[in-house]
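Structure first, then comments.
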Amino acid sequence: MNQDFRKFDEFVRATDPGGRSDLRFLAETPRVEELIARGLRENLARSDWRWFQTYLSLAGERPSAQYVPVFAEALDLRDGGVNPGDVLEYLRDIEHRRDIKDPSSVPAVERALHWRQDWDEFHDLAFKALDVLLAIDDDAAWWVIESVRDDDRERVREIARRVLARRANG
């Protein structure tokens, strides 16, 4: 696996697929999700945000629950190099209609939901976290949504109450 990863990583770095070049190599690579997960993990550990973002982009093309532990760690890192909104979007890839929907991500998504940043004046991070929780749709996710029913952020509170009412009615 080490040699496979080394070859894969060299190819990724040589072709820099973050710019949305030809991604057919993903379909042609055996165990590509394992390789992407390792690339995410190693670049996160090195705080190499450029290549972490590149592997994040590859993960979006090949969704897998294998990435969830790395995504959770990235969300919890709260480092300026990691865009938590991007990580949440990959947990709930709306563009491609592919969801990882992994219940093990709920604790990290909950922490992101409650994380308040000065740069997030419109609570975009909270809305993305709610979207991930709605996609997961299990008891733990609904408990977290319930926890923001009385949130002091008006729009977050409104959305939580609306989806909870919709769930109760039907």
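The values are calculated or read from the model by the stated rules, or taken from the named source; none is laboratory data. Please read these numbers as outputs of a predicted model, since none were measured by experiment. For neighbour counting, all protein chains shown are included, and Cβ atoms are generated from backbone atoms with ideal geometry for every residue, glycine included. Note: accessible area is taken over every heavy atom of the protein model, side chains too, but ligands, DNA and RNA are not part of it. Shrake-Rupley method; radii C 1.70, N 1.55, O 1.52, S 1.80 Å.
Computing the accessible area with a 1.4 Å probe over protein heavy atoms, can you report the carbon and sulfur percentage for region 34-170?
Whole-percent figure for carbon plus sulfur exposure: 46.
Scan (i) 9, 35, 38, 15, 3, 0; (ii) 8, 22, 19, 14, 13, 11, 9, 4, 0; (iii) 10, 37, 32, 15, 6, 0 for the value of P(r) over Cα pairs in 10 Å bins from 0, in percent calculated from this model and give just the label.
(iii)
Using Cα pairs under 8 angstrom and six or more residues apart, how large is the relative contact order of the chain, in percent?
14 percent
With every protein chain left in place, what is the accessible area per residue of the chain in square angstrom, probe 1.4 Å?
54 Å²
Helix 124-136: angle to the longest alpha-carbon principal axis of the chain, degrees 0 to 90, nearest 10?
Value to nearest ten degrees: 90.
What trypsin sites (Lys or Arg not before Pro) in region 6-78 are in a loop by DSSP, with at most 15 other Cβ atoms within 10 Å of the Cβ?
Counting only loop positions with at most 15 other Cβ atoms within 10 Å, the trypsin sites (Lys or Arg not before Pro) in region 6-78 are R20, R31, R46, R78.
How far, in degrees from 0 to 90, does helix 2-15 lean away from the longest principal axis of the Cα atoms of the chain, to the nearest 10?
So the helix axis and the longest Cα principal axis differ by about 80 degrees.
With a cut-off of at most 14 other beta carbons within 10 Å, and DSSP calling the residue loop, which chymotrypsin sites (Phe, Trp or Tyr not before Pro) in region 105-170 qualify? Please list them.
Here the sparse-neighbourhood loop sites are W119, F122.
Relative to the longest principal axis of the C-alpha atoms of the chain, give the angle of the C-alpha long axis of helix 49-61, reported between 0 and 90° and rounded to the nearest 10°.
80 degrees
Say a paramagnetic label sat at a point 7 Å from the Cα of Q3, along Cα to Cβ; which residues of region 32-52 have their backbone N under 18 Å from it?
32, 35
What list of ³J(HN,Hα) values in whole Hz, one per residue of region 34-46 in order, does the Karplus curve 6.51 cos²θ - 1.76 cosθ + 1.60 (θ = phi - 60°) give from phi, with Gly and Pro shown as x?
With coefficients 6.51, -1.76 and 1.60, one gets 5, 5, 5, 4, 5, x, 4, 4, 5, 6, 5, 4, 8 Hz.
Ignoring everything except DSSP H segments at least 4 long, calculate the 222 nm mean residue ellipticity for the chain; use -39,500 (n - 2.57) per segment, divide by total residues, nearest 500.
Taking each H run of at least 4 residues, the total per residue is -20000 deg cm²/dmol.
Please give me, ordered by residue number, the GluC sites (Glu not before Pro) of region 72-158 that lie in loop per DSSP and have at most 16 other Cβ atoms within 10 Å.
The qualifying sites are E95, E121.
Mind putting together the pair-distance distribution for region 37-88? All Cα pairs, 5 Å bins, whole percent per bin, short to long.
5, 24, 40, 26, 6, 0
Could you tell me the center-to-center distance, by alpha carbons, between region 1-69 and region 105-130 in angstrom?
First find each Cα centre; the distance between them is then 25 Å.
With θ set to phi - 60° and the Karplus curve 6.51 cos²θ - 1.76 cosθ + 1.60, what are the ³J(HN,Hα) couplings of region 160-165 in order, to the nearest whole Hz, using x for Gly and Pro?
3J(HN,Hα) across region 160-165, in whole Hz: 4, 5, 5, 6, 5, 5.
Across region 62-73, in residue order, what do the Karplus-derived ³J(HN,Hα) couplings come to in whole Hz, using 6.51 cos²θ - 1.76 cosθ + 1.60 with θ = phi - 60° and x for Gly and Pro?
Each residue's phi maps through the Karplus curve to give 9, x, 7, 5, 4, 7, 4, x, 5, 4, 4, 4 Hz.
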